[in-house]
Amino acid sequence: MLWPNRQSVGQCIHTYQAGLSMAIQWFPGHMHLTRKAIGERIKNIDVVIEMLDSRLPGSSANPMLAELIQGKPALKVLSKQDLADPARTNLWLAHYNAMTEVRAIGLDTSMVSPAKALMEACHQLAPLRGGMVKPMRVLICGIPNVGKSTLINTLKGKRAAKTGDEAGVTKTEQRIALADDFYLYDTPGVLWPRIIVTQSGFNLAASGAIGINAFDDEEVALELLRYLIAHYPAALAKRYKISDPSSLMEEAMLEAVARSRAAVQTGGRINTTKAAQIVIQDFRHNALGRITLETPQEFAVWLAEGKRTDAERTERKSKGAPAKQSGKPKH
């Protein structure tokens with residue numbers, strides 16, 4: 001099945017007020033097709049693997065997928081764990097492993113045999129599947145840029161899937177035979193139509209899961225710095241040679257980064273856009289060290305707030321919204 005070229009579909013940013021924060025949204029046309037394809041494929045699947053970014057496990061978990069998998073056993077694979085805070089990765093693994101019909105494992109580029117680990121975990125979730133009569137059928141899903149293509153290349157032993165540090169690279173469904181009786185179906189990365197957790201939008205943008213035209217670099221960098229100042233000040237001090245990051249607000253920190261990295265325009269003006277891009281790229285490329293942007297407890301609070309805000313929004317809309325109009329929604 002072919003998927004539309006990423007450049008041919010609309011990319012949009014939708015903002016609304018949630019306190020003083022901006023909510024980021026990105027759901028181009030090919031993701032709608034992927035959603036439909038997953039819904040069809042899931043009918044004949046035994047286990048669903050969802051790849052999560054270890055740096056943002058809650059934000060990178062797709063709530064739309066929970067609706068689509070229809071109660072199938074789920075394996076949560078925390079990718080890029082070599083980039084994440086190991087103590088926080090352990091918290092997330094314990095969080096998911098405490099759930100019914102769910103297992104969680106961590107993967108990174110150093111793992112010698114990821115195929116064996118995936119197969120063993122899937123057989124634990126579906127012990128009655130296996131053999132030529134009842135081969136194991138597994139669907140692997142995940143948000144864009146979560147590392148699926150890199151894993152698929154490793155599993156196939158060659159460069160089978162295009163990879164890149166940009167959302168929306170994979171466009172076709174693939175079937176990979178990990179064994180004679182074990183089939184893995186790969187799908188393009190997909191987000192969900194509306195992100196109700198404001199912080200998730202920022203974290204997804206910082207990680208590279210959202211298209212570059214769908215967010216403002218400075219907004220994302222400021223949110224990222226706000227979190228890093230509170231939780232990883234030593235990483236900021238080391239990278240940008242700043243003596244006391246904890247004493248700075250995020251705006252002042254961004255200016256300090258600009259001065260540290262010579263992001264200064266003619267006349268001595270601070271180039272905050274360039275500084276923001278530096279911060280985002282440093283996070284993505286692990287130049288700041290091993291960082292995780294959320295804990296299970298933090299994400300639970302954000303999710304509860306997001307659901308509350310979304311319910312209020314829906315109620316306001318039902319009471320005062322004008323009559324529905326036909327046609328495509330505006331972005």
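The values are calculated or read from the model by the stated rules, or taken from the named source; none is laboratory data. Just so we're clear, the structure is a prediction, and the values are computed from it rather than from any experiment. No Cβ is skipped: glycine too gets one built from the backbone with ideal geometry, and neighbour counts run over all protein chains shown.
Brief remarks on what is shown
- Annotation for region 13-25: at least one member residue is touching an Asp or Glu at 6+ places or on another chain (Cβ under 6 Å) and at pLDDT below 90.
- Boolean, Gly208 is over 30 Å from Ala311 (Cβ atoms), more than 17 Å from the chain's Cα centre (by Cα) and surrounded by fewer than 23 Cβ atoms within 10 Å (Cβ to Cβ): no
- Among residues that are surrounded by 22 or more Cβ atoms within 10 Å (Cβ to Cβ) and modelled with pLDDT of 90 or more, Leu91 is not included.
- Residue in region 205-217 that is polar (S, T, N, Q) and modelled with pLDDT of 90 or more present: yes
- Between Gly306, Gly268, the distinction of being farther than 23 Å from Pro63 by Cα and of a type outside the set (D, E, K, R) belongs to Gly268 only.
- Within region 302-314, residues that are touching a residue at least 12 places away in the same chain (Cβ under 8 Å) have Cβ atoms under 6 Å from residues that are among the hydrophobic types (A, V, I, L, M, F, W, C) in these pairs: Trp302/Val197; Leu303/Val197; Gly306/Ile196; Gly306/Val197; Thr309/Ala18; Asp310/Ile196, counting only partners at least 6 apart in sequence or on another chain.
- Whichever residue in region 245-265 is charged (D, E, K, R) and closer than 22 Å to Arg290 by Cβ and, among such residues, is modelled with the lowest pLDDT: Arg261
- Residue within region 259-266 that is part of a helix (DSSP H, G or I), farther than 17 Å from Glu223 by Cα and not assigned by TED's automatic domain parsing to the domain that holds Gly58 present: yes
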